[in-house]
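One structure is given below, encoded as structure tokens.
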């Protein structure tokens, strides 16, 4: 098969070389975007008087037929034609005759592929933003039901202070809100048209780049043709936002894995998001949470891979840049799948409120309440800290907890302790009283939930 660019060549590559250099095995993912870009381009060519209206209509008719076949997955691609662009151009020419060759007037595969990826990422980023919102809604639903569910809060994976389970979930809601904002911000860089930049230097034809950009609903055009064909910042930004999102999902996945263990028993995942063991009948494994935790690494790898590909490239286009697509496609697939799984997992998980509350009573996570109690009576906090530390040591030596000490033992540590200390030590009281802005107090959580509801609207 003769290459569409083969005029100056006297021999063709061996088949295995063609296969190594071809991208059609993966860039066929861009088929609809490529056809949409071509329809806009040929419409512009006719408007600008570069081809006739009749030629434009003939070409567009062929492109529309290809779109219909692509939607039904009826197109057959050839490695010999390297990529999606040459495959579609060859199919078009077969359908409409030599006039199909006029489609490529005033553009190059370099600006063509860049346009395709801008269109693809614009669509996929919008999908991901919606999926992030769906996961936020799942978190919000559980938070609304568990404002007054008490659990231990942790630092260093050691029990620290009692908190509301809703407060813990809402931390992830706001992480996801930042993720969503990053994606929304990235759309400003994605929604720019490189079409018409040519191979690197523009074209001698009197094209109208602004018009083709408007047909594709881009907000503007690249102002420099070299930048237009060599820029992959918009993909890096997408991969970066996706890496941060996956890090957040991985952190929540890790907590879900811990919470569902026999040691914690804070939650139970729905059977739909769990698996069993081939040898141990009792097992119920949180495989989906583990898998998302693991898939985070591949998204990081896609970001680092593209950064490394681009770091030493001179302007403008280089064949290295063919490596920009597979990681992008893989990240889209990984992120969308992970978000769908997580929304379902959060929506259906059972929360064991009794186990959570029990865990707040058999520890020293209420020690800070004692220190705050004494400080509220005028004792400097550092001195209060020392007094409570000694009380904790006494409990450790006696094998009991703070609430088990008698009032006489409290007064022996400091005479300012009164009968109300037992109310202060109650984990529910401890949580309820922390009403500083953004704190775990029930009043603050309800305010946070209202703000979250507004954010989702």
Review point. Relative to the first principal axis of the alpha-carbon coordinates of the chain, what is the inclination of helix 84-96, with its axis defined by its Cα atoms, in degrees from 0 to 90 and to the nearest 10?
Key: 40
Exercise for review: Quick one: order 122, 107, 209 by neighbouring beta-carbon count within 10 Å, fewest to most.
Suggested key: 122, 209, 107
Review point. How many nm separate the modelled label positions at residue 284 and residue 313, each set 7 Å beyond the Cα in the direction of the Cβ?
Key: 4.9
Check your understanding: When log10 I(q)/I(0) by the Debye sum over Cα atoms at q = 0.05, 0.07, 0.10, 0.11 Å⁻¹ is calculated directly from the model, which label among (1) -0.19, -0.39, -0.81, -0.98; (2) -0.28, -0.53, -0.93, -1.04; (3) -0.31, -0.53, -0.83, -0.93 fits?
Key -> (3)
Practice item. Determine the distance separating the Cα centre of the stretch 276-328 from the Cα centre of the stretch 145-166; give it in Å without decimals. Key: 33
Check your understanding: What Rg and what Dmax come out for the stretch 99-235 when only alpha-carbon atoms are used, in angstroms?
Key -> 23.0, 74
Exercise for review: Using label points projected 7 Å from each Cα along Cα→Cβ, tell me how many nm separate residue 157 and residue 95, to one decimal.
Suggested key: 5.8
Check your understanding: Using a Förster distance of 25 Å, how high is the FRET efficiency between residue 451 and residue 429, based on the Cβ-Cβ distance and rounded to 0.05?
Key -> 0.50
**Study point:** Two-decimal Rg/Rh across the stretch 357-413, once Rg and the Kirkwood Rh are taken from alpha-carbon atoms
**Key:** 0.96
Point to revise | Length gained when the stretch residue 340-residue 272 is fully extended (0.36 nm per residue, less Cα-Cα span) | key: 23.2 nm
Practice item. May I ask you to derive the FRET efficiency for residue 223 and residue 329 from their Cβ-Cβ distance with R0 = 25 Å, giving the value to the nearest 0.05? Key: 0.30
Study note, to complete from the structure: Helix 287-310: inclination vs the chain longest Cα principal axis, degrees, rounded to 10, gives 50
Revision key, fill the gap. To the nearest 0.05, the calculated FRET efficiency linking residue 181 and residue 390 through their beta-carbon distance, R0 being 30 Å, is 0.05
Check your understanding: How big is the gap, in Å, between the Cα center of the stretch 342-374 and the Cα center of the stretch 108-133?
Key -> 42
Point to revise | Rounded to 10°, Cα long-axis angle of helix 442-456 versus longest principal axis of the chain | key: 10
Practice item. Report the full-extension gain for the segment residue 406 to residue 126: residue separation times 0.36 nm, less the Cα-Cα distance, to one decimal in nm. Key: 94.8 nm
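Each value in this text was obtained by applying a stated rule to the coordinates, not by laboratory testing. Since we're looking at a predicted model, the values are computed, not measured. Backbone-built Cβ (ideal geometry, glycine too); neighbour counts: all protein chains shown.
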